[in-house]
Structure formats: structure tokens, C-alpha cells
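The values are calculated or read from the model by the stated rules, or taken from the named source; none is laboratory data. Everything numeric in this text was worked out from a predicted model, so none of it was measured. Reconstructed Cβ throughout: ideal geometry from the backbone, glycine too, with neighbour counts over all protein chains shown. Protein only, heavy atoms only, side chains kept; ligands, DNA and RNA dropped before computing areas. Shrake-Rupley method; radii C 1.70, N 1.55, O 1.52, S 1.80 Å.
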Amino acid sequence: MENWLQETILEGDKVKLIPLQKSHRNELLEVALDGKLWELWFTSVPSAETIDQYLSKAMEEKAAQASLPFVIIDKSSQKIVGCTRFCNAAVIHRRLEIGYTWYAKSAQRTGINTECKYLMLQYAFEHLNCIAVQFKTDWFNLPSRNAISRLGAKQDGVLRNDRLNADGTYRDTVVFSIIKQEWHGVKKNLKYKMKHYRNLGSTTA
């Protein structure tokens, strides 16, 4: 299982996911400006003050085989519109988490997230042979909780007082997962949703 998380490119009709690099720093700051995403206190979107630490941590976790971070490119514009990663990887147990996901406000509700999750889940279950993929989010991040549920993930539970936030408040973390046996149904659901977005795009073009 050595080098389980190898650098890769994931590409679909709408998006391309390429490995995150420190050279993406300025582009990511521009993306975060679209909606002032760092102001959402329950997310991990970097600001100008935190971007360097954000990138350094991502690179450290990648080097430790615990994470594989990506930037998300909208193929229609060839511009970066967000960030995501495989993280908290437990190689010996073939489990990982999809997290640190955020998008420019203009890229939200466009089908981009659906295709990103499809590509990542397909890679996790069909290439890495994962037995489970987890998602975690803050209790107060209702948009994220709803989006994870729409993927077909099931809620495992709530970790109360899971961690301390930077401002000293406590975070309750909602945990979801998709297990290997459920991937066939989830895949079918995501393909249906992607077809809907393609049809919607063709009627509004």
C-alpha cells in the first residue's frame, strides 16, 4: 500500500482537478474574493492572512501520504474555481475523507460540485479500492450538510465538542459516509444529476 495516494489528474465534462501547488496561491485568493468566502466562519477557506499557512499544511500532509489536495478548474473558462482534497487517509484500512472543499460563489449550484464528487468518489472506490469515504462538516454549515446528503451519503453521527475553533468556541462535527457496497447506487444517482445539469445547460445556452 506504499504511495497509495499518488498525484493524479481527474477530468470530466465540466471540470478538471489537478494537484494543488504553492504557485496557485494568488489564483486561490482571487477565487476566495468571489463571495468573500473566508467570512464564513464554519469553513476553512483561506484569506490573504492565512493562505501561506493553508498551502504549507496541505503540502506537509501530502508529503506524509495523509492527503492529496486539488485545485478545481472550470473547463469552460479554464480558470480555478475552487479547492478540494482527499484527506485523513488511513492507508492500511483503505479509508479516506473528502474535505477542505470550497468554491467561488459564482461556481456554486452549477453542477461543478456534483461532477467533482463523482470523479473523486469514482477514483476512491474504483482505483484506490476504498472500503469507505467520509465527509465531515460543522453542525452550523447547513448548506454543506444538505449538499453531502444529496450525494447519497448517510449521516453516521455527530461528534460533540469535536474541536476548538480559533475563536475559542466549540465545534460539533457532523460525520457522513459512503461505503463500498453503496457506491453502485450513489454512482447512478450522481450520473443522473450530472445529466440534469448538462440538459439544463443546453436549454439555457
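In summary, the aspartates and glutamates within cross-link reach of K62, defined as a Cα separation below 19 angstrom excluding same-chain residues under 8 places away, comprise E2, E7, D52, E97. A cut-off under 14 angstrom between Cβ atoms defines the neighbours of K180, and their net charge, with Lys, Arg +1 and Asp, Glu -1, is +2. Put simply, the amide H of L68, placed in the peptide plane, has neighbours under 5 Å in F86, C87, leaving out anything fewer than 5 places away on its chain. With a Förster radius of 41 Å applied to the C-beta separation of N26 and E126, the computed FRET efficiency comes to 0.75. For segment 16-167, the carbon plus sulfur part of the accessible surface works out to 50%, probe radius 1.4 Å.
Note that the chain, at 4 °C in a medium of 1.567 mPa s, gets a Stokes-Einstein diffusion coefficient of 74 µm²/s from its Kirkwood radius over C-alpha pairs. Counting only other residues whose beta carbon sits under 12 Å from that of A153, what net charge do I get with K and R as +1, D and E as -1? Once positives and negatives cancel, what remains is +2. Close amide H contacts of D156 (hydrogens built in the peptide plane, cut-off under 5 Å, sequence separation of 5 or more or a different chain): V175, F176, S177.
Cross-link reach is defined here as a Cα-Cα straight distance under 25 Å, omitting same-chain residues fewer than 8 places apart; for K195 the lysines meeting it are K14, K16, K75, K79, K105, K117, K154, K180, K187. Protein heavy-atom accessible surface, 1.4 Å probe, per residue over the chain: 55 Å². With Cα atoms defining each centre, segment 137-188 and segment 2-35 are spaced 22 Å apart in the structure. Each residue of segment 69-80 was assigned a 3J(HN,Hα) from its phi angle through the Karplus curve 6.51 cos²θ - 1.76 cosθ + 1.60 (θ = phi - 60°); the sequence is x, 10, 9, 10, 10, 6, 5, 5, 10, 6, 10, 5 Hz, with glycine and proline shown as x.
If you build the convex hull over the alpha carbons only and average its shadow over all orientations, what do you get for segment 83-205? Give it in nm² to one decimal.
Details: hull surface 34.2 nm².
Mean orientational projected area (segment 83-205, Cα hull): 8.5 nm².
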